[in-house]
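Structure first, then comments.
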Amino acid sequence: AQSVSQHNHHVILSEAASLELGCNYSYGGTVNLFWYVQYPGQHLQLLLKYFSGDPLVKGIKGFEAEFIKSKFSFNLRKPSVQWSDTAEYFCAVMGGGSYIPTFGRGTSLIVHP
Amino acid sequence: GAGVSQSPRYKVAKRGQDVALRCDPISGHVSLFWYQQALGQGPEFLTYFQNEAQLDKSGLPSDRFFAERPEGSVSTLKIQRTQQEDSAVYLCASSLISGTGRQPQHFGDGTRLSIL
C-alpha cells in the first residue's frame, strides 16, 4: 500500500521568508502527484500537479514543486511567502493507474505579517 | 453555484442515531468520491462512484456506512448507529472522469459530524 509522509506538521514563518514543505511517498511505480491547499474556512483546492515530463512544476500563487524520483519526494516551495499563504497544505499521491489518492496528514502554515 | 455543495455543514448527533450527509457534485462530473478526515489528519478515501455505479467501497470502515448515488448526480452518505469514532469531517469530491488518475478532484466544504 502506498503512503505519504509530510514531516513538517506545523510551520511558522514571517512574510518574505522562503518556504519548503516536505513530502515523501512510498510507491515503487509510476505516480501522479498533487499538492492541495485549504485556506481557513475554505474547501481543499488544487495547488499544482505532476504527471510526467519536467520534474519542476509550477502552480498557482507562485508555488512550485520538484519531483525527485530517486528520493521519492515532491517538495513544495515558494521563494517569498505572504500572509495570505496561511493555510493547510496536503500532499497527495496516486499510484500508476489508481484513481484513489493517498493524502499526507497535512502541514499547517502560519505566516506572520 | 459552480462548486461541489455539501449539506449540512455541521451535524451533531447522539451516539446510536442514524445520519445522512448529502453531496451535490459539479454538473457533468462523472466521478464522485467520499472521504473521511479526522482531526489533524489528511482525507482518507471511503468510496467512489462513476455515475450511479459504486465502483469502490473499500474504504468504508464498517457496514454501518452506506453510500448511494441513484441517478448519477447527488450522492448521500449514510451512517447507521453512529459511534463517537465516527466524529470527523466528511468530504465529497467530484471530477470529470478518474480512470487515469489525472483528473484533479474538486472538493466541497465538508460536513463536520460530531457524535455525542
Only one of A:Gln38, A:Gln42 is polar (S, T, N, Q), within 11 Å of another protein chain (Cβ to nearest Cβ), in contact with a Leu (Cβ under 7 Å, 6 or more places away or on another chain) and under 22 Å from B:Gln37 (Cβ atoms). Can you tell me which? A:Gln38
Selection over the range A:63-107 where residues are part of a loop (DSSP other than H, G, I, E, B) and among the basic types (Lys, Arg) yields a count of 1
When the residues of the range A:27-63 are narrowed to those that are in contact (Cβ under 8 Å) with a residue 40 or more places away in the chain and of a type in the set (S, T, N, Q), which ends up most open to solvent (accessible area, probe 1.4 Å)? A:Thr30
How about the range B:17-48: which of its residues are open to solvent by less than 20 Å² (accessible area, probe 1.4 Å), within 11 Å of chain A (Cβ to nearest Cβ), assigned to a strand (DSSP E or B) and not aliphatic (A, V, I, L, M)? B:Ser31, B:Phe33, B:Tyr35, B:Thr47, B:Tyr48
Looking at the range B:73-116 only, could you name the residues that are hydroxyl-bearing (Ser, Thr, Tyr), assigned to a loop (DSSP other than H, G, I, E, B), touching a residue at least 60 places away in the same chain (Cβ under 8 Å) and out of contact with any Gly (no Cβ under 8 Å at 6 or more places or on another chain)? B:Ser98
Surrounded by 13 or more Cβ atoms within 10 Å (Cβ to Cβ), among the aliphatic types (A, V, I, L, M) and at negative phi: does that describe B:Leu60? yes
Residue pairs meeting the criteria (Cβ under 6 Å; at least 6 apart or on separate chains; first in contact (Cβ under 8 Å) with a residue 40 or more places away in the chain, in the range A:4-26; second among the small types (Gly, Ala, Ser) and loosely packed, with under 13 Cβ neighbours inside 10 Å): A:Ala16/A:Ser80; A:Ser26/A:Ser3
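The values are calculated or read from the model by the stated rules, or taken from the named source; none is laboratory data. Treat the numbers as computed from the prediction; the structure is a model and nothing was measured. Neighbour counts are summed over all protein chains in view; Cβ atoms, including those assigned to glycine, are modelled from backbone coordinates with ideal geometry. Keep in mind that these areas ignore ligands, DNA and RNA; they rest on the heavy atoms of the full protein, side chains included. Shrake-Rupley method; radii C 1.70, N 1.55, O 1.52, S 1.80 Å.
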